Each structure stands twice: as C-alpha cells, then as structure tokens.
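Worksheet for the structure shown next.
The values are calculated or read from the model by the stated rules, or taken from the named source; none is laboratory data. None of the values given here were measured: they were computed from a predicted structure. A quick note on method: Cβ atoms are made from the backbone with ideal geometry, for glycine too, and the neighbour counts reach across all protein chains shown.
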Amino acid sequence: MKKSAIVFLSVLFFPPVSLWAQNYSPEEMFKTSFPKNNFESINPTKINGVYEVYTGNQIYYYMPEADVIFVGSIINKDGTNLTRDSNVSKIAKKMATLPLDDALKIGNGKTTVVEFVDPNCYHCRQSFNFFSKRKDVTIYAFFFPLSQDSDRKIRHILCANDKDKVKTYEDVMLGKLDKSASLKICTDKKVDETVNTHRRLASQTGINATPLFYIKGQVVDGFEATIIENILKD
C-alpha cells in the first residue's frame, strides 16, 4: 500500500531559541530565525505545522514549532509530487507576463508556445523537431544557456540579420553547427542586451533547466510529447 510521504533531504539549521510560544506569526518567526534567507512567499501547506517557503526559484519547508527548515519534496499517496506542482504553478504565473517582444518568434500558428531553450540541450532539439512539423503554433523562444558553447551558439543566432535569425536558429537546432563549426559572433550591444535580458527573465521566472514550455496557461517541465499534444488538442 502506498503511503503519504514527506521526503526531507536535509535539515539546514537548528536555531537555539524558539519563538512559537510567543505567538509570533510563522513569517515573523522565519524572518527572525533566518534573517539571511530571502523569500517571495511563506504559505501553509496541507500538512499541519508545515509551511512552504518560496524563494523565487526554489521551494523548501519551515516548521515554526520546531523552528527548523527542511529541504525536499512532499509526495502524496498517489505519487504526486506536490512540491513540483506548486513550483510549476508559480512558474506559470510568471511566464504569463513575459515580454514576448524580447523572444525569438518562430512560426505563425494560432497557439502561442513560450519556451526556455538551450541550443545544445538534447530534449530541446527533440522538441524543436516536434514543433517544426506543426503549423498550428507560434514559438516564442527565450534562451537559457547551460554551457559556454551554448552561449556562443545563441550569440551566433542573435547576430544574424533579422530575416535570417529563424533559419540560423533552425540550423543550430538541427546540429549543423556542432563540433568545430565556425560561429559568427558579433560585437553588437543589442545582442549582449538580449542575452542578458533572457538570463534575467529566466532567473526571475525560476528557470533552472531546459526545455520548459508555457502553453495555454500550463507549464510543461521538460519535453513531454504526449502532454504537449493533449494541451494543444484542448
């Protein structure tokens, strides 16, 4: 029989003095006990006495009565990772407000797909092949390089003329510029600004891996073809 589980990977701190008995709010206690820990929100979970702390790109948990922090995932008896679901929900709200004019637009389909992509990411290239066969989507690609080579390829794409950017992006995603291919890296300040903007937006959104998609109000974390197909059909 499956049982509810809270997976706590580590205890970060054990403050010497508890403020629970002094009727402090959980947020006040957290600020007092962990003044160096910045957060966007602290909210109660469905588990009595356990609060979710959201930093903007990470979720961990706080127990005011013991005045301790736990890192890990809360998983229910059905195997659903509630921590991941909560994080994805928060990311979705942020992706809904992304400035699409800053992204690389690909296609002219009726359905908008916003993506954070690394040009060397295997699953990003799988998703590229998937979407390139469809005419019903418009992709807005934000770049999130996970390596120096990825950063160079992104700059190569952005340095292309406006009319050639999409074709250059396609060549990169098809692997035509892998290995020792020559890359054209310009010194255009606008390219630097775009790269920095994409990095900033990724950080603000809480992105730490690619690919990640926002489609019809839903976030898909990773290339899940079946899930994406079902969203597009709705």
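Summary table
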| item | result |
| --- | --- |
| Check on residue 167, within 22 Å of residue 112 (Cα to Cα) and not small (Gly, Ala, Ser) | yes |
| Region 127-167, residues that are of a type in the set (Val, Ile, Thr) and farther than 14 Å from residue 188 by Cβ | 137, 138, 139, 166 |
| Selection within region 81-102 - out of contact with any helix residue (DSSP H, G or I) (no Cβ under 7 Å at 6 or more places or on another chain) and within 18 Å of residue 43 (Cβ to Cβ) | 81, 82, 83, 84, 85, 86, 87, 88, 89, 90, 92, 93 |
| The one condition in (1) touching a Ser or Thr at 6+ places or on another chain (Cβ under 9 Å); (2) free of Cβ contacts under 8 Å to residues at least 40 places away in the same chain; (3) crowded, with 22+ Cβ neighbours inside 10 Å that residue 141 fails to fulfil | (1) |
| Filter result (hydroxyl-bearing (Ser, Thr, Tyr) and over 23 Å from residue 160 (Cα atoms)) within region 182-209 | 203, 205 |
| Condition met for residue 65 (part of a loop (DSSP other than H, G, I, E, B), of a type in the set (D, E, K, R), under 20 Å from residue 30 (Cβ atoms) and not assigned by TED's automatic domain parsing to the domain that holds residue 209) | yes |
| Any hit, region 196-207, residues being touching a helix residue (DSSP H, G or I) at 6+ places or on another chain (Cβ under 6 Å), closer than 30 Å to residue 40 by Cβ and surrounded by fewer than 20 Cβ atoms within 10 Å (Cβ to Cβ) | yes |
| Residue in region 126-135 that is polar (S, T, N, Q), in the same structural domain as residue 193 (by TED's automatic domain parsing) and over 20 Å from residue 224 (Cβ atoms) present | no |
| Number of the condition not met by residue 65 [criteria: (1) under 26 Å from the mean Cα position of the chain (by Cα); (2) on the phi < 0 side of the Ramachandran plot] | (1) |
| Members of region 41-57 found to be within 20 Å of residue 207 (Cα to Cα), in a loop (DSSP other than H, G, I, E, B) and without any contact (Cβ under 8 Å) to a residue 40 or more places away in the chain, listed by number | 55 |
| Single match in 94, 105 (criterion: part of a strand (DSSP E or B), under 30 Å from residue 195 (Cβ atoms) and modelled with pLDDT of 95 or more) | 105 |
| Failed criterion for residue 36 (all others in (1) closer than 23 Å to residue 142 by Cα; (2) of a type in the set (D, E, K, R); (3) without any contact (Cβ under 8 Å) to a residue 12 or more places away in the chain hold) | (1) |
